[in-house]
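Structure first, commentary second.
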Amino acid sequence: MTAPVVVGTPRQRRCGGPGREKAERTLAPSPEDAGSPHRTGTRGDRGRGRTSGGGSPRWHHVVVLDRYREVLGLPGAWRFSLAGVMARLPIGMTGLAMVILISSGYGSYALGGATTAAYVLAVAIGAPQLSRAVDRHGQSRVMLPAVTLSGLAGLGVAYAAAHHAPGAVLVVLALVAGGAQGSMPTLVRARWTHVARSASQLHTAFAMEAALDEIAFMVGPVLATGLASAVAPWLPLVLASGVQIVGGWAFLAQRETEPPPAGAPVRGDGAGSLLRIRVLWLVFAAYLMLGIVFGGVDVSTVAYATELGRPSAAGPALLVFSLGSFVAGFVYGARRWRGAPWQHFAAGTVLIGLGAGSFFFATSIEVLAGLMFLTGLMLSPTFVAGQTLVQHLVPAERVTEGFAWVATSINAGVSLGSSLAGLGLDRAGSTGGFAVTLAGAVLAVLVAVTAAPTLRRRVAR
């Protein structure tokens, strides 16, 4: 029996009636889902698309991009997805831009790091709260003022740093910028749960967005470092803040694809913190461990390349990491894969852990880059499976908040991993940094193996 995919409360206009429906919606299985024992697996693909005359299966004649044409052809889909790409570009720029500007202007990496840490911490704390408000009151009502405030605070950091304001001013402005930023990838995915008409479409959409997330991490750092060195140290942060406002408004102005607000939950029916759902802690813990891996990899790779006398090689190596995830995201979304989401999530986490653990044993920057690319191939599929799990485990009217907690878990792990790797680097060089990555990888594997039976039982309900 195919498990239902609960995706929220659609507008009743789809059924031809006015007003909004408060009931949960279950996506109808697509043709290729029929006959599949799992939500993400399929046996029906083999017979999909046959003509009445018994012709050959359609998939023999269909290119990979057909699934993406299908989801982007949904009403308003390509417009909000494109605006979402622009709106989340600052994710890969803002933190690095703050470090570059403050360290160059004040001659202090400590102040730059403290300001960036305040920003990241505020994002981690604020995003779930804003997402909870979004589920209750709607994306545009909550996030239009929030995105504007966040962008203006980012511009304030740039202005204050350019004029050598006290460090406390920079930290306060960074807290405001992070606290009001929210999670744009979460908002985009929430829209897909609203417009998708089948589990197959939602799978493809999530995979596509996971790949598009990597654009921010591939393009953002290049823009930040390039503009800072070629033009002025303040320009990357100004650009990131400006793009955040413009992209955010372009996305949020598209009201026709905005999920309807659910209102305040009734006591006993979805009320209270999502953290009361114990099984979610297993998913969030896995993401936290993976965040430690990512945070450790970033700083350790830079240190390793510097030790080899090739500091410029760190950027391409990290770019390859994101490139692997980018490629895998599109491939993963191009078809349905056998197995349930919990299986994909557990297996992917284990493979990421094993791959990241191998970084410790790299003998050259080229070997490290190769291992990063191979490990990166596991990232997007694992994240898509994890998001599908979260969507299934949380109440339909609080899916945005659930996705935000995923982002918070990763961000918290990245911050922790960066800090621990920094301590390791001070004591033992890149070996100490990659030791932190190895430890995070081992913990991620242990969490995934431990969580698999519980996730299987819970999703099978």
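Listed here are the residues, each with its yes/no results for (1) crowded, with 24+ Cβ neighbours inside 10 Å; (2) of a type in the set (A, V, I, L, M); (3) within 19 Å of the chain's Cα centre (by Cα).
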{"position": "Gly95", "(1), (2), (3)": "yes, no, yes"}
{"position": "Met98", "(1), (2), (3)": "yes, yes, no"}
{"position": "Leu101", "(1), (2), (3)": "yes, yes, no"}
{"position": "Ser104", "(1), (2), (3)": "no, no, no"}
{"position": "Ser108", "(1), (2), (3)": "no, no, no"}
{"position": "Ala118", "(1), (2), (3)": "no, yes, no"}
{"position": "Ala127", "(1), (2), (3)": "yes, yes, yes"}
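Taken together, the residues in the stretch 440-461 that are open to solvent by 50 Å² or more (accessible area, probe 1.4 Å) and either within 14 Å of Tyr287 (Cα to Cα) or hydroxyl-bearing (Ser, Thr, Tyr) (or both) amount to 5.
Scanning the stretch 370-400 for residues that are of a type in the set (A, V, I, L, M, F, W, C), open to solvent by 20 Å² or more (accessible area, probe 1.4 Å) and assigned to a helix (DSSP H, G or I) yields Leu371, Phe373, Leu374, Phe383. Here the stretch 214-264 is the region considered, the condition is being of a type in the set (Ser, Thr, Tyr) and modelled with pLDDT under 90, and the residue that is surrounded by the fewest Cβ atoms within 10 Å (Cβ to Cβ) is Ser229.
Applying the condition of being in contact with a Pro (Cβ under 8 Å, 6 or more places away or on another chain) and either at pLDDT 80 or above or among the polar types (S, T, N, Q) (or both) to the stretch 50-90 and asking which residue is nearest to Arg255 (Cα to Cα) yields Gly84. Selection within the stretch 148-167: residues that are open to solvent by 40 Å² or more (accessible area, probe 1.4 Å) and closer than 15 Å to Ser103 by Cα. The member of this set that is nearest to the chain's Cα centre (by Cα) is Tyr159.
Which of the residues spanning the stretch 355-374 are closer than 20 Å to Met289 by Cα, under 27 Å from the mean Cα position of the chain (by Cα) and not small (Gly, Ala, Ser)?
Phe359, Phe360, Leu371, Met372, Phe373, Leu374 - these are the residues of the stretch 355-374 that are closer than 20 Å to Met289 by Cα, under 27 Å from the mean Cα position of the chain (by Cα) and not small (Gly, Ala, Ser).
Of the residues Phe294, Phe321, Phe330, Phe326, which single one is buried (at least 24 other Cβ atoms within 10 Å of the Cβ), hydrophobic (A, V, I, L, M, F, W, C) and either assigned to a helix (DSSP H, G or I) or at pLDDT below 85 (or both)?
Criteria check complete, one pass: Phe321.
With Arg79, Arg67, Arg88 as the choices, which residue is of a type in the set (Lys, Arg), touching a residue at least 40 places away in the same chain (Cβ under 8 Å) and open to solvent by 60 Å² or more (accessible area, probe 1.4 Å)?
Answer to the check: Arg79.
Of all residues in the stretch 183-201, those that are of a type in the set (Lys, Arg) have Cβ atoms under 7 Å from Cβ atoms of residues that are part of a helix (DSSP H, G or I), 6 or more apart or on another chain, in Arg189/Phe206; Arg189/Glu209; Arg189/Gln387; Arg189/Phe403; Arg191/Phe80; Arg191/Thr257.
The values are calculated or read from the model by the stated rules, or taken from the named source; none is laboratory data. This is a predicted model, so every value here is computed, not measured. Don't worry about glycine lacking a Cβ; one is built from the backbone with ideal geometry, like all the others, and counts go over all protein chains shown. Protein only, heavy atoms only, side chains kept; ligands, DNA and RNA dropped before computing areas. Shrake-Rupley method; radii C 1.70, N 1.55, O 1.52, S 1.80 Å.
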